[in-house]
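A quick write-up on the structure given underneath.
Only the coordinates and a few stated rules stand behind these numbers; no lab work does. This one's a predicted model, so the numbers in the text were calculated from it and none came from an experiment. No Cβ is skipped: glycine too gets one built from the backbone with ideal geometry, and neighbour counts run over all protein chains shown.
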Amino acid sequence: MIKGFGLGLRTDHNRDLDTDGVAVDWLEIISENYMVAGGRPLDWLERLRARYPMVMHGVSLSIGGCDPLDENYLDALAGLAARVEPGWISDHLCWTGFGGTHLHDLLPLPYTDEALAHVAERIGQVQDRLRRPLVIENVSSYVRFSGADLSEAQFLRELVARSGCELLLDVNNVHVSAFNHGFDALGFLDTLPGPAIRQIHLAGHSHMGDHIIDTHDAPITDAVFALYAATIERFGPVPTMIERDANIPPLAELLAELETARGYANRALAEQAA
């Protein structure tokens, strides 16, 4: 069972993680980095899989897209899952391309009843192929579609109810989108179905003054940690990890940040129990 505090596996840290006594409970891999036939990535994956439980996190499923689901991608994803035996498999509530062109970005959906039905049906297809629930992450966004029938949090709640999927709650993304669009982050949390939250992401961002960009290239801010504490007070000890995708520091710095996250969680749980 996956529990406690993890890190996103990045090649910079392979050797440091391949030692005893590292204060990491589990690792999250980017699925697409290991959907290959062989070579060094899979060698390292096998070595670290022997030390740490793992989960898989994808960026290319395009669950909200209009192109048909990529059967070759799903075959490779299922094959990797058979190798890794992950605690769960996640991807993003977004679309990533159109007409066979991949845009290399996580683009937001219109939160409409039509989109909800479309995404729920596609999640069902993926879950049937993988024979497990799919875990869906909320993305950060910078524009919104007009004519939405639901808020983002309502959309996520209804998606869980219709499809049986679970949620990866990215607390940084909630903070970013709440600032960019002016909604209440705590209200967002209160709308979510708590039992469906399988995992939490923490990350840094870039504050541009009148908007925030989700960059994963900086330490977690105090505001995000405060929102994380509120999350744990509401939902309990959900497995939590730190994402860092650029300006990657030495492992020791991320371990110190992970210890800070543990502290926030422990204090929040103590307050919850009081």
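Details
- Value at 222 nm in deg cm²/dmol, rounded to 500, when DSSP H runs of n ≥ 4 in the chain each add -39,500 (n - 2.57): -13000 deg cm²/dmol
- The stretch 91-147 and the stretch 150-188: distance between their alpha carbon centers, rounded to Å: 13
- Positive minus negative residues near L9 (Lys, Arg vs Asp, Glu; Cβ under 14 Å): -3
- Relative contact order, whole percent, for the stretch 37-147 stands at 29, derived from Cα pairs under 8 Å and 6 or more residues apart.
- Farthest towards the positive end of the charge dipole of the chain, among the residues L159, L255, L169, is the Cα of L255, using unit charges on the Cβ of Lys, Arg, Asp and Glu.
- Taken about its Cα centre, the stretch 52-115 carries a charge dipole of about 240 debye when Lys and Arg each add +1 at the Cβ and Asp and Glu each add -1 at the Cβ.
- Note on Kirkwood radius over Cα pairs in Å: of the candidates [x] 19.1; [y] 19.8; [z] 23.5, the value calculated from this structure sits at [x].
- A Gaussian network model of the chain, with springs between Cα atoms under 10 Å, assigns the largest mean-square fluctuation among S141, S163, S151 to S151.
- Compared with the direct C-alpha span, the chain from D222 to R162 gains 18.1 nm at full extension, assuming 0.36 nm per residue.
- Beta-bridge orientation, the stretch 156-274: approximately 20 percent antiparallel, per DSSP, counting only bridges with both partners inside.
- Residue among I63, I213, I200 with the largest mean-square fluctuation in a Gaussian network model of the chain, springs linking Cα atoms under 10 Å: I213
- Each Cα pair under 8 Å and six or more residues apart adds its sequence gap; the mean of these over the residue count of the stretch 5-273 is a relative contact order of 15 percent.
- Considering only R162, R40, R122, the mean-square fluctuation computed in a Gaussian network model of the chain, springs between alpha carbons under 10 angstrom, is largest for R40.
- Treating r as the C-beta distance of E46 and L69 and R0 as 30 Å, the FRET efficiency rounds to 0.60.
- Phi to ³J(HN,Hα) by Karplus 6.51 cos²θ - 1.76 cosθ + 1.60 over the stretch 136-142, Hz, x for Gly, Pro: 10, 9, 6, 9, 7, 9, 10
- Positive-end residue of G100, G65, T240, charge dipole of the chain with Cβ unit charges: T240
- If R0 is taken as 25 Å, the Cβ-Cβ distance between D245 and E114 corresponds to a FRET efficiency of 0.15.
- The chain - charge dipole about Cα centre, Lys and Arg +1 at Cβ, Asp and Glu -1, debye rounded to 20: 640
- Estimated at 0.36 nm per residue, the fully extended path between E253 and H104 surpasses their Cα-Cα distance by 50.8 nm.
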